[in-house]
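See below for the structure under consideration.
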Amino acid sequence: MRNPMLLCVLIAAAQVATANAAPRKWIITVDGGKVAGEQTLECDAHRACTGRFIFKDNGRGPEISETYQLAADGSFLRYHATGATTFGSKVDETFAVTDGVARWASSSEKGEEAAPAGRLYVPFNGSAATSEVMLQAAARNGGALGLLPAGTLTQRKVTSVTVGDGALRREVDLLVQTGLGLTPSYVWATSGATPELFGFIVPGYLAALPEGYQGAEKVMGEAQKKAETELLQAMTQRLSQPMPGLSLIRNARVFNSEKAQLEEGLKDVYILRGRIAAVLPAGSSGDGVARTLNADGRVLLPGLFDMHGHVGRWEGGLNLAAGVTTVRDMGNDNATLQQIIDETATGDVFGPRIVPAGFLEGESPYSARNGFVISTLEEAKKAVDWYAEHGYVQIKIYNSFPHRHLKETVAYAHERGLRVSGHVPAFMRARGAVEAGFDEINHVNQVLLNFLVNDKTDTRTLERFYLPAARTAEIDFNAAPMQDFIKLLVERKTVIDPTLATFDFIRQKDGEVSQAYAGVADHFPASVQRGFRSGGMNIPDDATQALYNKSYEKMVAFIGLLHRAGVPLVAGTDAMAGFTLQRELELYVQAGIPAGEVLRIATLNGANYSGVLADRGRIAVGQAADLALVDGDPTKDITALRRMAAVVTQGRRIDPSAVYRDLGIRPFVEAPLEWVEAPTEAAGSH
């Protein structure tokens, strides 16, 4: 579900336009040049503007129409947006300043504030063009800007490049903005005292540039990646510390992931060169130790696995602070992912280890193009070869993959030693995918659609969300077709990657805080909390919401049913890093799976089905020292996972509270533990 997160980047980074009589147009391309949308904007001499934004990728995307009037100081006087969000909910947003009072309303929020001078309203559903007023207002105010309803924007220039030829040649600046979300946002603007919006780049995926400048994407993308790298390197140095020599975590309650329970008694865990050197009863000598952390009875887990990520360069802190030390990437631009894997290994990117899964799609008008898109069996085999040669452990087959090549492609991937997972290709049921040799199915909706589709249902459209929302409630889990299907999953040992927390959106009405993040929302900045109130689905009335909620609850129960039947599970997110995995595991407990079993799913199962069981997933001598220390007992209360006291991975130690503070999140452990360094002469050499 890469598209909604990307749009958050675009829309959060993008808020308003200048008075300019000439119409303006930006072309939005994805995955190397495929046109996926456009933004138009026209403003008259009276600073009244009209714009339209449309973006469609992977069978979904928003359509927003806007009209607004700018005040003399360049802020909003009036604003109105209509249209639909990515998943179909209606947009109808208004803002106006009358008699010195600003009032705003949308399907997600309503508010007012007197005398808002010096603060700029941020539209909840603003289009990609609406960044111009924000960047100009910040420029006028020395790089700082108060926002409505809440927050403060900071903005600075980080680099410049020259783009275009002949009459189109011009210099553009890359601006980095903070305060709109948890991580920096990047926007390109024209140079000068009054900058104008030039465009946006998401390296390796998306470009939104004026007509005539589509060839500028490469030079701009490279400059942006370089600027990002410098900030990311600084983050690594700021938020993690190397662990040379022998390190010791004393007095820990160690979780045995094979037995799904805590070991008897307290343990001392020794770490050397990024690996577990010894696990001894508490009270060991500690001779030659360079540093010590007293766990004081806290629970020590193997690092958690997020088995369904789409890795970006900026989300690593969220993962690591949540104890997620390995992420399986389930579809990405191939070159970008290879770069991130290299950068993470060298510390240029602050993030977890990455297990890559290769994305394989078929050619169609709905194709998601973030991997290889094929038409022939020969092309499919060449793609599998590339993935096998580049260290991928599996492939992920997507919605438009051609049925006629499916079975042979799966067999060939198995010959090359790769597992096969994915969505169920359109006009096919999950049973057919399993019988074709799938080792794993991604997403609970893809499994349940087995009982909801016919041979004419196009699951490349929003039907893959609306059908399960409307009809899962009516599925009889005890009926023969369901029982036969579960039996097939057990016989084939087919793994299910449910991403339950992500699908919470099917029952969320605009204006309500997402239940996926309700337990942690008050720790986030106000600007981020605002986003938690956007539902996305078109839920026209209470009866529909009640039905969708019943369907969602039944999805949760279904995962418990699969586990009890012996169907293997892995825990993944496909949404906000770190926090979504915590909620995912809570939902498994809600489904009736004991907390110890849930922790085994998030550790041992993750390592096993990522192909790294010899290296990770257990606390044992010789294993990688990927460790998460919890302030509480998650075997009794799974929500204790929110209280990470310390994390170790890749030979470095991390204080989750420091990471959260750096991101603007109120920490969950107010008094973090301290590593005690031994005098150099006492530490010895190792």
Taking the stretch 545-585 and keeping residues among the polar types (S, T, N, Q) and in contact (Cβ under 8 Å) with a residue 40 or more places away in the chain leaves Asn549, Ser551, Thr573, Thr580, Gln582
Scanning the stretch 125-146 for residues that are within 15 Å of Gly179 (Cα to Cα), buried (at least 21 other Cβ atoms within 10 Å of the Cβ) and out of contact with any Pro (no Cβ under 7 Å at 6 or more places or on another chain), the one modelled with the lowest pLDDT turns out to be Ser131
Of the listed residues (Leu604, Leu561, Leu599, Leu585), the one being in the same structural domain as Arg353 (by TED's automatic domain parsing), in contact with a helix residue (DSSP H, G or I) (Cβ under 6 Å, 6 or more places away or on another chain) and either in a helix (DSSP H, G or I) or over 21 Å from Val520 (Cβ atoms) (or both) is Leu585
Pairing a residue in the stretch 594-607 that is closer than 11 Å to Arg618 by Cα with any residue that is surrounded by fewer than 22 Cβ atoms within 10 Å (Cβ to Cβ), where Cβ atoms lie under 6 Å and the two sit 6 or more apart in sequence or on different chains, gives Arg600/Ala260; Ala607/Leu613
If we keep only residues of the stretch 25-75 that are in a strand (DSSP E or B) and small (Gly, Ala, Ser), then the residue nearest to Thr461 (Cα to Cα) is Ala36
Checked Ala345, Ala411 against criteria (surrounded by fewer than 20 Cβ atoms within 10 Å (Cβ to Cβ), closer than 26 Å to Leu613 by Cβ, at pLDDT 95 or above and not acidic (Asp, Glu)); the one match is Ala411
Within the stretch 77-86, identify whether any single residue is of a type outside the set (S, T, N, Q), part of a strand (DSSP E or B) and at positive phi, and answer yes or no. yes
Requiring at least 3 residues that are assigned by TED's automatic domain parsing to the domain that holds Thr499 and either among the aliphatic types (A, V, I, L, M) or in contact with a Gly (Cβ under 7 Å, 6 or more places away or on another chain) (or both), the strands (runs of 3 or more DSSP E) wholly within the stretch 373-468 are 394-397
Output for Cβ contacts, cut-off 6 Å, separation at least six or different chains, first residue more than 19 Å from Lys554 (Cα to Cα) in the stretch 486-500, second charged (D, E, K, R), reads Val495/Glu440
Per the filter on the stretch 416-446, residues closer than 19 Å to Gly59 by Cβ, within 24 Å of the chain's Cα centre (by Cα) and in contact (Cβ under 8 Å) with a residue 24 or more places away in the chain are Gly422, His423, Val424, Pro425, Ile441, Asn442, His443, Val444, Asn445
- Message: Take the conditions crowded, with 24+ Cβ neighbours inside 10 Å and not aliphatic (A, V, I, L, M) and apply them to Gly331. Does it pass?
- Response: yes
Residue set Gly303, Gly331, Gly297, Gly323; condition under 26 Å from Val30 (Cα atoms) and either at pLDDT 95 or above or under 13 Å from the mean Cα position of the chain (by Cα) (or both); output residue Gly331
Residue set Phe438, Phe427; condition of a type outside the set (Val, Ile, Thr), on the phi > 0 side of the Ramachandran plot and at pLDDT 95 or above; output residue Phe427
Exception for Lys396 within (1) charged (D, E, K, R); (2) under 22 Å from Leu449 (Cβ atoms); (3) more than 20 Å from the chain's Cα centre (by Cα) falls at (3)
inquiry  = Based on this model, can you work out whether Thr194 counts as closer than 29 Å to Gly146 by Cβ, at pLDDT below 90 and not hydrophobic (A, V, I, L, M, F, W, C)?
reply    = yes
Only one of Val122, Val97 is β-branched (Val, Ile, Thr), closer than 19 Å to Ser527 by Cα and touching a Leu at 6+ places or on another chain (Cβ under 7 Å), namely Val122
Considering the stretch 572-586, residues that are over 13 Å from Ser514 (Cα atoms) and not polar (S, T, N, Q), and then whichever is farthest from the chain's Cα centre (by Cα), we arrive at Glu586
Of the residues in the stretch 490-544 that are closer than 27 Å to Val567 by Cβ and of a type in the set (S, T, N, Q), the one that is surrounded by the fewest Cβ atoms within 10 Å (Cβ to Cβ) is Gln515
Being assigned by TED's automatic domain parsing to the domain that holds Ala607, more than 19 Å from the chain's Cα centre (by Cα) and closer than 25 Å to Gly181 by Cβ narrows Lys493, Lys554, Lys509, Lys550 down to just Lys509
Note on the stretch 621-643: residues part of a loop (DSSP other than H, G, I, E, B) and within 25 Å of Pro356 (Cβ to Cβ) are Gly622, Gln623, Ala625, Asp626
Given (1) touching a helix residue (DSSP H, G or I) at 6+ places or on another chain (Cβ under 6 Å); (2) among the β-branched types (Val, Ile, Thr); (3) closer than 18 Å to Val269 by Cα; (4) not assigned by TED's automatic domain parsing to the domain that holds Ile395, Val676 misses just (1)
Over the stretch 263-293, the set of residues within 33 Å of the chain's Cα centre (by Cα) and surrounded by fewer than 17 Cβ atoms within 10 Å (Cβ to Cβ) is Arg273, Gly274, Arg275
Checking Arg60, Arg103, Arg78 in turn, the sole residue that is charged (D, E, K, R) and crowded, with 18+ Cβ neighbours inside 10 Å turns out to be Arg60
Picked from the stretch 363-393 (must be among the β-branched types (Val, Ile, Thr) and surrounded by 14 or more Cβ atoms within 10 Å (Cβ to Cβ)), the residue farthest from Thr409 (Cα to Cα) is Val393
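Does Ala577 fit the bill of being more than 28 Å from Arg471 (Cβ to Cβ) and part of a loop (DSSP other than H, G, I, E, B)?
yes
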Over the stretch 504-544, the set of residues of a type in the set (A, V, I, L, M, F, W, C) and part of a helix (DSSP H, G or I) is Phe505, Ile506, Ala521, Ala526, Val528, Ala543
Residue set Leu452, Leu448; condition in contact with a Leu (Cβ under 7 Å, 6 or more places away or on another chain) and at pLDDT 95 or above; output residue Leu452
_Filter result for Gly535 (under 23 Å from Met576 (Cα atoms) and in contact with an Asp or Glu (Cβ under 9 Å, 6 or more places away or on another chain))_ = yes
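The values are calculated or read from the model by the stated rules, or taken from the named source; none is laboratory data. Just so you know, these numbers come straight off a predicted model, no measurement behind them. Note that each Cβ is placed from the backbone with ideal geometry, even for glycine, and that neighbours are counted across all protein chains shown.
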